[in-house]
Each structure stands twice: as C-alpha cells, then as structure tokens.
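The values are calculated or read from the model by the stated rules, or taken from the named source; none is laboratory data. From a predicted model like this one, the values you see are computed outputs, not experimental measurements. Heads up, the Cβs are rebuilt from the backbone with ideal geometry, glycines too, and the neighbour counts pull from every protein chain shown. SASA here: full protein model, heavy atoms, side chains in, ligands and nucleic acids out. Shrake-Rupley method; radii C 1.70, N 1.55, O 1.52, S 1.80 Å.
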Amino acid sequence: MKVVLQLVSSCKVEIDGTETASIGKGFLLLLGVKNGDTQNDASKLAKKISGLRIFCDENDKMNLSLSDVGGKVLVVSNFTLCADCSHGRRPSFIEAARPEVSEPLYRFFCDELRKNGVSEVLTGEFGADMKVSLLNDGPVTLVIDSEELK
C-alpha cells in the first residue's frame, strides 16, 4: 500500500458537484492498494500514520499527533499511486490491485485508523470520479509505502 499524506488546514471531496465529505485540521490521505497487499500491511500503515507527530507544538516543532490536536482524516482511494512510469509516456497500472481486492482493504485500513485512536475518519467514494480540494498546511507532504514498514 502506498499513501500520500498531506497535512491540511481543511479539505473536501466533491462528486458530481456535491460535497460528500470534508474535514478541518488533519490529514488528507490518498491511498493506493497494490497487488499483494494484505490486511497486515493496512494495519501497520494505519498504526504508523495514527501515531505520526507532525503537527507543530507551542515551540513550532513537529511534535504533536492527530490525537494531540483533535485532528481528523479524509481517506481517498487512488489507484494511480500504483502507476509504473518507467517505460514510455503512458503509465502502466498493472500493479494496482483490482477493485474486488482493493476496496475491502481500503475499508479495512479506515477501520484500523479508527482502532488506533483517530477520532474521525471520513472517506471519498471508492471508484468515483472525485474532485478533491485542500488547503495544505506547511506544506507538509509525506509518501509512505507499507513495504518500507516491514
């Protein structure tokens, strides 16, 4: 699994012009599920993300976690994170897990965030054409791959 984590002051998802989810301070997570990913990968990734201390404290040091600041999470499925751009000019998505595999893992990942103490986890709509708007904070952007957590 691969996640692009963006620290946000706010973000929202719109589908067909209708806002379907929005948060204030927290994380926007773009989640890509690759072939071979498991629930174990999702659990490790959720545990890592829920404990990250990347919010600034009173001394302007990255020292606070989501729970310390009462932050929320918006998780958006994004198979394009699994793209292979190493050949030609058109990305290959062969490494992206099929929807029948990736959707349950996406939902499991969201549940694992909740189990790890994230107070509010919202989602986009799996497989939908979504418009994502965000106000980056920092900007702080991290790329985390579950393979690196093994």
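Quick notes on this one:
- Single unsatisfied condition, G127 versus (1) open to solvent by less than 80 Å² (accessible area, probe 1.4 Å); (2) out of contact with any Cys (no Cβ under 8 Å at 6 or more places or on another chain); (3) modelled with pLDDT of 95 or more; (4) not hydrophobic (A, V, I, L, M, F, W, C): (3)
- Considering residues of the stretch 98-124 that are hydroxyl-bearing (S, T, Y) and modelled with pLDDT of 95 or more only, the residue farthest from V33 (Cα to Cα): T123
- Filter pass, F108 being of a type in the set (F, W, Y) and either farther than 15 Å from M1 by Cα or touching an Asp or Glu at 6+ places or on another chain (Cβ under 9 Å) (or both): no
- Those residues of the stretch 99-150 which are among the aliphatic types (A, V, I, L, M) and either without any contact (Cβ under 8 Å) to a residue 12 or more places away in the chain or closer than 21 Å to E19 by Cα (or both), in sequence order: V121, L122, A128, M130, V132, L134, L135
- Qualifying position, being among the aliphatic types (A, V, I, L, M) and within 22 Å of G127 (Cβ to Cβ), among L5, L52, L66: L5
- Count - residues of the stretch 133-150 that are open to solvent by 50 Å² or more (accessible area, probe 1.4 Å), in a strand (DSSP E or B) and farther than 15 Å from F79 by Cα: 9
- Residue count for the stretch 67-93, restricted to those that are in contact (Cβ under 8 Å) with a residue 24 or more places away in the chain and over 19 Å from V13 (Cβ atoms): 4
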